[in-house]
Amino acid sequence: MAAAYDIVVIGSGHNGLVAASYLAKAGQKVLVLEQNDWFGGGVVTSELVAPGFRHDWHSATHIIIQANPLILRDELGLLSKHGLRYVHPEGIFSTIFDDQSAIVSYADLDRTCGSISALSPRDGDAYRRFAMKSKAILPLITAGMFVPPAPQGAFWALLDQSPEGREIMHAAQKSLLDLVNEWFENEKVKIHLLKFANELLIAPEEKGTGLALYTMPGFVHTYPSGIPVGGSSALVDALMSCLKAHGAEFRKNAAVEKIVLNGTRAAGVRLAGGETVAAKTAVIGQIHPWLLDSYVDGLDPRVAANAKATTTASFSIMAGHLALNAAPRYHAGEEAGRVALVNFAPSRLEDYRRIFDDFRYGDLGGHAIMAAHVNSQFDPSRAPAGKATLSVFGFGPWDLRDGGSAGWETRKEEHAAWLLGQYRHYCANMDDANIVAYKYDSPLDVLSHTPTFQRGDVGGVGKYLHQFGGHRPTAELAQYAVPGIERLYLAGTFMHPPGGVTGGGRATAVKICADLGIDFERLTK
């Protein structure tokens, strides 16, 4: 083999970089191999549309990672030493309805209850009770989020020993719709909460997904959602700075095609051009479960079959990125737009639910379910003075009724116009004169950015109860190690914890450090 390293990391997604950073800090010599000509996986920011306008390709607001000791205790010095900075808006998310009314959720619980109470005083009171319950159980949830998960049986047995635990079990087995129907009466309030939870690519009526909604108010009102200054890739930049400070090396345009084995131990990787790179200690693979057996020869048949059987979300995302002469002005008013995430939805719950029914049959339907970021309003470095960036994300089926997934390419201009037209309904100034440039990414384009996003699922695999905690993505792979292959570890959004930008690679590092006899707690001080 050619040059040898202690740790070789396949892919430069933020989870792999997080795991590698802890190990580099522990003295391991690290090499990161990236198949693309950019670093970051799904955490990328660039002048995607026009010069001077910096757009996040996918992740734009970092929520769950704010609860991670990686950030909360600044364990790697990303904030204090490596330039990472966050802006924390007071407004977290809003929903603007098709009748131009709106609800706004703030970091402040009282303001959120006030916004909900303007539509339904009863629901304002109910939301306060719901949020306080969510905040109360949140420490139990977060305690197990950024370390390897407990075995599923033991976890459920623990929950079953207390009333609070049984409430979590109860919520986790239900759907998002079940929970909002139990707690709230106003349809717009229900849609407001559903839409934010649906950002995890969970449909309202899918059983075994309720924990996403049950924990949501706890996160919103406990940990300040963060917009990274300079773009989402500022997190990747800080991680790369940390890695370089500890002697790590990086290579892009370096596609890995095989894990090299020495007996049953991962001993390195072979690149697409035939070059091999030795890994004396371990290989960390950001490899989607569906692709694992293509990288590893001799994988246990049960491990391979269960990995192949994992399921992605039941719908996909599309994205429109726009450079604007002026920030959007919403008919619903300035307050609804002064948030990290603006959601858009029908006013009637039946109409909202039917959109997800349409997805099952490959249709887009008459309404779009969308979300928008205008991060230049919080971070002026994103756009030239006086101008604005806008990203609009919509939901849609992976397989269209006509043409399947390939239909996204053949009908791309049509869908780009449709998404923009739907968004214009909510804006007073979204005429052609305000648009400097527009780029549309279909679900097929989303997959092209990284093989982790199979079927346009930016969460890797669906966030269902059978793929949760000690069973995410499968029971065999949930401990971040590949059974039967020594020293081959996994990191990625398809692992625990589910979510977008979580910094979940910390748990991979915890597992590797335990196997290597490295004191992780001492490492983080």
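None of the figures in this text is laboratory data; all of them are computed from the coordinates on show. Predicted model, so just to flag it, every value in this text is computed and none were measured. Quick reminder, even Gly has a Cβ in these numbers, built from the backbone with ideal geometry, and neighbours come from all protein chains shown.
Just flag the trypsin sites (Lys or Arg not before Pro) in the stretch 60-113 sitting in loop per DSSP whose Cβ has no more than 13 other Cβ atoms within 10 Å. Walk me through the numbers on the way to the answer.
Values: sites: Arg73, Lys81, Arg85, Arg111; in loops: Arg73, Lys81, Arg85.
Those that pass, being in a loop and sparsely packed, are Arg73, Lys81.
Report, ordered by chain and residue number, the aspartates and glutamates lying within cross-link reach of Lys463, taken as a straight Cα distance under 20 Å and ignoring same-chain residues fewer than 8 apart.
By straight Cα distance, Lys463 reaches Glu167, Asp178, Glu199, Glu205, Glu206, Asp357, Asp399, Glu476.
Please work out the FRET efficiency for the pair Ala305 and Asp432, using the Cβ-Cβ distance as r and a Förster radius of 51 Å; give the result to the nearest 0.05. Write down the numbers at each step before the final one.
Numbers: r = 52 Å, r/R0 = 1.02.
Once rounded, the FRET efficiency stands at 0.45.
Non-local amide H neighbours of Leu48 (under 5 Å, H modeled in plane, Pro and chain starts lacking H): which ones?
Distant-sequence amide H within range of Leu48: His55.
Only helical DSSP H runs with n ≥ 4 go in: add -39500 (n - 2.57) per run for the chain, normalise by residue count and round the 222 nm mean residue ellipticity to 500 deg cm²/dmol. Spell out each step's value before the answer.
Numbers: 19 runs with 177 residues, N = 525.
Theoretical 222 nm ellipticity from helices: -9500 deg cm²/dmol.
In the neighborhood of Lys258, defined by Cβ-to-Cβ distances under 12 Å, what is the net charge if each Lys or Arg adds +1 and each Asp or Glu adds -1? List each step's numbers first, then the result.
On the way: positive: Arg270; negative: Glu257, Glu275, Asp293, Asp297.
The answer is -3.
Could you check the spin-label model distance between Lys207 and Glu164? Points 7 Å from the Cα along Cα→Cβ, value in nm.
2.8
Please report the relative contact order for the stretch 426-490, taking Cα pairs under 8 Å with a sequence separation of at least 6, and give it as a percent rounded to a whole number. Could you put the intermediate results ahead of the total?
On the way: 41 pairs, mean separation 8.0, N = 65.
Value for the stretch 426-490: 12 percent.
Please report, ordered by residue number, every helix of the chain (full DSSP H runs) that is 15 Å or longer along its axis going by C-alpha atoms and whose mean Kyte-Doolittle hydropathy reaches -1.0. Present the calculation step by step, with values, prior to reporting the outcome.
Working: long enough: 14-25 (16 Å, 0.34); 121-142 (31 Å, -0.36); 163-173 (16 Å, -0.93); 187-198 (16 Å, -0.08); 233-245 (18 Å, 1.26); 349-360 (18 Å, -1.24); 412-424 (18 Å, -1.04); 505-516 (16 Å, 0.62).
Those that clear 15 Å and a mean of -1.0 are 14-25, 121-142, 163-173, 187-198, 233-245, 505-516.
Could you tell me how far the Cα centroid of the stretch 289-363 sits from the Cα centroid of the stretch 475-525, in Å?
Taking the Cα centre of each part, the stretch 475-525 and the stretch 289-363 sit 26 Å apart.
Give me the extension gain from Arg424 to Gln173: residue separation times 0.36 nm, minus the current Cα-Cα distance, reported in nm with one decimal. All intermediate terms of the calculation are to be shown ahead of the outcome.
Numbers: separation 251, 0.36 × 251 = 90.36 nm, distance 3.78 nm.
Computed gain between Arg424 and Gln173 is 86.6 nm.
Pick the calculated semi-axes √(5λ) of the Cα gyration tensor in Å for this structure from (1) 48, 28, 24; (2) 35, 30, 23; (3) 36, 26, 23?
Here semi-axes √(5λ) of the Cα gyration tensor in Å agrees with entry (3).
Taking the Cα-to-Cβ direction at Ser80 and at Ala118 and moving 7 Å from each Cα, how far apart do the two end points lie in nm?
With each label point 7 Å from Cα toward Cβ, the separation is 4.2 nm.
Can you list residues whose amide H is under 5 Å from Ile92's amide H, if they're 5+ apart or on another chain and H is modeled 1.01 Å from N?
Amide H to amide H, under 5 Å and 5 or more residues apart or across chains, Ile92 pairs with Ser105, Tyr106, Ala107, Ala340.
Relative contact order for the stretch 1-160: what percent, with Cα pairs under 8 Å and sequence separation of 6 or more? Could you put the intermediate results ahead of the total?
On the way: 133 pairs, mean separation 16.8, N = 160.
Once normalised by length, the contact order is 10 percent.
Holding the Cα-Cα limit at 18 Å, pick out from Lys308/Lys511; Lys244/Lys511; Lys25/Lys511; Lys280/Lys308; Lys29/Lys280 the pairs that are longer than that. Spell out each step's value before the answer.
Working: Lys308/Lys511 24 Å; Lys244/Lys511 23 Å; Lys25/Lys511 15 Å; Lys280/Lys308 29 Å; Lys29/Lys280 9 Å.
Result: Lys308/Lys511; Lys244/Lys511; Lys280/Lys308 exceed 18 Å.
In nm, to one decimal, how far is the Glu335 label point from the Thr276 one, both placed 7 Å along Cα→Cβ?
6.6
Report the full-extension gain for the segment Leu72 to Ala417: residue separation times 0.36 nm, less the Cα-Cα distance, to one decimal in nm.
Numbers: separation 345, 0.36 × 345 = 124.20 nm, distance 4.16 nm.
Contour length minus Cα-Cα distance gives 120.0 nm.
Place the peptides 492-499, 123-130 in order of packing, highest mean first, counting for every residue the other Cβ atoms within 10 Å and averaging per peptide.
Numbers: 492-499: 26.5, 123-130: 18.6.
Top of the packing list down: 492-499, 123-130.
Counting only C-alpha contacts under 8 Å and six or more residues apart, can you give the relative contact order of the stretch 1-75 as a whole percent? It would help to have the intermediate numbers written out before the result.
Working: 76 pairs, mean separation 17.6, N = 75.
Worked out over the stretch 1-75, it gives 24 percent.
Determine the sum of side-chain charges near Ala437: Lys and Arg each +1, Asp and Glu each -1, restricted to other residues whose C-beta is under 12 angstrom from that of Ala437.
On the way: positive: Lys387, Lys439; negative: Glu47, Asp432.
Local net charge: 0.
Tally Lys and Arg at +1 and Asp and Glu at -1 over the other residues with C-beta under 11 Å from the C-beta of Ser294: what net charge comes out?
Numbers: positive: Lys258, Lys308; negative: Glu257, Asp293, Asp297.
Residues near Ser294 contribute -1 overall.
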